[in-house]
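K.L.:
The structure's right below; bear with me while I get my questions together.
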Amino acid sequence: FQAEDGIRDEASCLVGSEMCIRDSVATSAEHPFDPLIEKHPDGWIDWDKQVVYGVGKGYLHLNANSSNKALRAAKVLALQSILKVAAGIRLDDHQTLETLGKGQVVIHLKAFVRFSEHRSVFINRSPHPYHEVTLRAPLTGIEGLTAKLLSHLKKTPQTWQDFPTRTDRRPDEQADQPWLVLDARPTGASAKLLPALFPKIVTPSGNVVYELKNVDEEALVQRGMARYVVSATPAEKLQARSKPMQGLLAQIDAFLTTREAQAQEKPKRQKRRRYIVKKIQEVQGLMRTNLVISENDARQLTDEDASSQILKKCRVIVIAASPIGGIEGQLMRYLASIVNP
């Protein structure tokens with residue numbers, strides 16, 4: 001989560017705020033904002049990178065004092081942990097993978113998960129030395145859980161009815177296309193948002209602006225419907241009209257550019273990028289996953305989507321509150337805690 005060092009000239013526009021500012025943005029080694037991390041007893045979910053992690057421990061004294069057997073046991077337990085964490089993933093405002101199809105889908109979960117080793121350490125300063133293995137499984141990408149899950153559900157339409165639109169598999173849009181930034185941090189007594197694979201954006205009257213059946217399948221598989229992050233930047237600074245863009249939006253741009261550069265062998269100079277910033281009025285749904293925006297904002301987003309496909313191509317970042325129950329945005333602090341148990 002390190003940002004790129006250096007200075008680059010960048011331009012960004014706040015659509016709806018009638019603000020367009022050109023600014024020289026200096027990035028630093030400090031990551032621009034924190035990913036939203038949902039912690040579980042058996043692992044965690046990084047809702048920015050869209051990755052599920054599972055942790056397993058293999059104790060030597062429980063494995064005939066064999067280091068190899070303990071290591072194998074840790075790997076088996078880590079996979080089981082991934083499956084436990086993944087089973088609880090919220091799909092939308094009322095279903096999880098575990099409840100989907102009255103529990104039938106989760107039976108096949110192991111076949112959907114493509115995992116790799118994230119970290120393996122041997123802890124010998126414990127009364128009972130053990131191997132600790134952390135495995136990771138992506139939610140996005142061709143081999144990600146989302147793609148595998150949707151392929152399975154298409155064969156069992158009675159279990160799930162809403163699917164993304166078919167894609168013609170043309171190359172994805174250029175890096176200068178706009179992104180939607182939704183500030184979903186609660187105010188007053190409003191409920192806190194919970195992340196989901198297939199969130200909805202709705203209006204107070206019930207008009208649905210953003211939902212699974214209206215997004216492009218390839219974009220969904222590539223980046224997910226939303227990336228969830230946390231930030232300490234006050235809402236007034238995020239929406240400020242009179243000050244140069246030197247806060248969160250500039251940091252988001254640096255973060256996205258860094259990610260895009262990492263995905264390319266020869267990264268090109270980034271063109272200027274637009275941001276549409278909207279404040280969420282409230283969170284709705286049984287699982288608090290639906291985002292409510294004003295009717296006016298909904299009209300603006302619908303018009304923007306018609307021209308740039310900002311919603312259809314899933315270019316959505318959600319700024320959530322931290323902590324939310326067991327959800328915390330300080331990944332490095334959490335990793336430090338499990339490295340030094």
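K.L.:
What net charge do the residues around Met287 carry, taking every other residue with its C-beta under 13 Å from that of Met287, with Lys and Arg at +1 and Asp and Glu at -1?
P.N.:
It works out to a net charge of 0.
K.L.:
Return the sequence-ordered ³J(HN,Hα) values of the range 149-166 in whole Hz as given by the Karplus equation 6.51 cos²θ - 1.76 cosθ + 1.60 applied to θ = phi - 60°, using x for Gly and Pro.
P.N.:
Listing the rounded values in order: 5, 5, 4, 5, 5, 5, 7, 10, x, 5, 7, 8, 9, 9, 9, x, 6, 5 Hz.
K.L.:
Also: Rounded to whole Å and ordered largest first, report the semi-axes of the equivalent ellipsoid of the range 181-223 derived from its Cα gyration tensor (root of 5λ).
P.N.:
Semi-axes from the Cα gyration tensor: 23, 14, 8 Å.
K.L.:
To continue, here is another question. Just by accessible area at a 1.4 angstrom probe, what is the order of Lys102, Lys84, Lys155 from largest to smallest?
P.N.:
I get Lys102, Lys155, Lys84, largest accessible area first.
K.L.:
Can you list the HN-Hα couplings for the range 95-101, worked out from phi with the Karplus curve (6.51, -1.76, 1.60; θ = phi - 60°), rounded to whole Hz and with x for Gly and Pro?
P.N.:
9, 10, 4, 5, 8, 4, x
K.L.:
Next up: Excluding residues fewer than 8 places away in the same chain, name every one of the lysines whose C-alpha is closer than 23 Å to that of Lys75.
P.N.:
Qualifying lysines at Cα under 23 Å: Lys39, Lys49, Lys57, Lys84, Lys110, Lys148.
K.L.:
Rounded to the nearest 0.05, what FRET efficiency is calculated for Lys155 and Thr233 with R0 set to 30 Å and r the Cβ-Cβ distance?
P.N.:
Efficiency, rounded to the nearest 0.05: 0.10.
K.L.:
How much accessible area does Asp303 have with a 1.4 Å probe, in Å² rounded to the nearest 10?
P.N.:
My reading of the accessible area for Asp303 is about 110 Å².
K.L.:
Which entries of Lys154/Lys313; Lys155/Lys213; Lys213/Lys237; Lys102/Lys312 have Cα-Cα distances beyond 25 Å here?
P.N.:
As for pairs spanning more than 25 Å Cα to Cα, those are Lys213/Lys237; Lys102/Lys312.
K.L.:
Over the range 99-227, give the accessible area per residue in Å² for a 1.4 Å probe, as an integer.
P.N.:
Here the residues of the range 99-227 average 48 Å² of exposed surface.
K.L.:
Then there is this: When the chain is fully extended, how far beyond the present Cα-Cα distance does Leu286 get from His128, taking 0.36 nm per residue of separation?
P.N.:
Residue separation times 0.36 nm, minus the Cα-Cα distance, leaves 52.5 nm.
K.L.:
Based on the Cβ-Cβ distance from Ser120 to Asn296, what FRET efficiency comes out when R0 is 41 Å, to the nearest 0.05?
P.N.:
About 0.20, to the nearest 0.05.
K.L.:
Under 14 Å from the Cβ of Ile89, count the other residues' Cβ atoms, weight Lys and Arg +1, Asp and Glu -1, and hand me the total.
P.N.:
-2
K.L.:
Can you pull the percent of the range 107-233's accessible area that's carbon plus sulfur, 1.4 Å probe, other chains left in place?
P.N.:
50
K.L.:
If you don't mind, another one. So how do Ile89, Ile107 rank on accessible area, 1.4 Å probe, biggest first, that is with the largest at the start?
P.N.:
Listed by decreasing accessible area, they come as Ile107, Ile89.
K.L.:
Now a separate question. Would you list Ser205, Ser120, Ser294 from the most to the least accessible area, probe 1.4 Å?
P.N.:
Ser205, Ser120, Ser294
K.L.:
A follow-up question, please. When all protein chains stay in place, what accessible area (Å², nearest 10, 1.4 Å probe) is found for Lys192?
P.N.:
Probe radius 1.4 Å; accessible area of Lys192 about 80 Å².
K.L.:
Suppose R0 equals 35 Å; then what is the FRET efficiency for Thr167 and His94 from their Cβ-Cβ distance, rounded to the nearest 0.05?
P.N.:
0.85
K.L.:
Spin-label point model (7 Å from Cα, Cβ direction): what's the His108 to Ser66 distance in nm?
P.N.:
3.6
The values are calculated or read from the model by the stated rules, or taken from the named source; none is laboratory data. This one's a predicted model, so the numbers in the text were calculated from it and none came from an experiment. Neighbour counts run over all protein chains shown; Cβ positions are idealised from the backbone, glycine included. These accessible areas exclude ligands, DNA and RNA; they are computed on the full protein's heavy atoms, side chains included. Shrake-Rupley method; radii C 1.70, N 1.55, O 1.52, S 1.80 Å.
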